[in-house]
Each structure stands twice: as structure tokens, then as C-alpha cells.
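The following block contains the structure, expressed as C-alpha cells.
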Amino acid sequence: MKLVLAIVSNDDSSSVSSALTKANYQVTKLATTGGFLKAGNTTMIVGIEDDKVEDVIRIIGEQSKRRTEIVPSTASYDIGRYASFPVEVQVGGATIFVLEVSQFLKL
């Protein structure tokens, strides 16, 4: 048995969750926050049999697309002044961890 942890953008969360549920996978969603952009995201937890891992990864990949956004950034000029300027960053997509499960209990 495997445990899939998928971190996806909040923008993609509903479509990923719906697609997994439609394919008869049980999904637990956790609200989480990323470190770089301090933006909200969703961590999805899916417990599955070993032979279903590739299908789950495929579904997550189809529903969570990378995109480019412009975000404000600040720079210091070492004289006590800061300037704000836009920076282009990649957001979206998914970060996926697949873990071995040694025991699964439903009480």
C-alpha cells in the first residue's frame, strides 16, 4: 500500500479533488501554506494500492497546471531604501511524494 501526498495550488485544488473522487479515490484535503510565496495551497492525502499510484499521479498532473504569475518583490540598495518591482514566477503544478505504508487501520 502507498500513501500519496500531493501539494497543489489552491487554484487547482477543486479540480484535482473532483477528478480523484470521480475516479473513486478517497481524498483528504489539508489547507497548507508554501514557504517561498507565502501563498495558500492544498495538500491532498490519498491511500492506495501499489498498482494505482501511476493513475493517481496522472490525474493530479492533468488537473494541476504550471502557470506564470507576476508578484511584487522588494530589493534593498544598502542605503536604507527599498524598491518594489514585479518578478515573474512559476506557480501551480504539483509536488508529489509517494510513501510506503506499513500498516493501514480504519477504526
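Laboratory data are not the source of any read-out in this text; all were calculated from the coordinates shown. Values in this document were obtained by computation on a predicted structure and should not be read as measured data. All Cβ positions, even for glycine, are placed from backbone atoms using ideal geometry, and neighbour counts span all protein chains on display.
Expected output is a single nm value to one decimal: the length gained when fully extending between Lys29 and Glu49, i.e. 0.36 nm times separation in residues minus the C-alpha distance. What is it?
Here the answer is 5.3 nm.
Still on this structure, I have one more. With 10 angstrom as the radius, rank Leu105, Leu3, Leu30 by how many other C-beta atoms surround their C-beta, starting from the fewest.
Leu105, Leu30, Leu3
Just to be sure I understand: if I project the alpha-carbon convex hull of the stretch 6-66 onto a plane and average over all orientations, what area do I get in nm²?
Across all orientations, the stretch 6-66 yields a mean hull projection of 4.1 nm².
Mind checking the full-extension length gain between Lys22 and Lys2? Use 0.36 nm per residue of separation minus the Cα-Cα distance, one decimal, nm.
Working it through step by step, the gained length comes to 5.2 nm.
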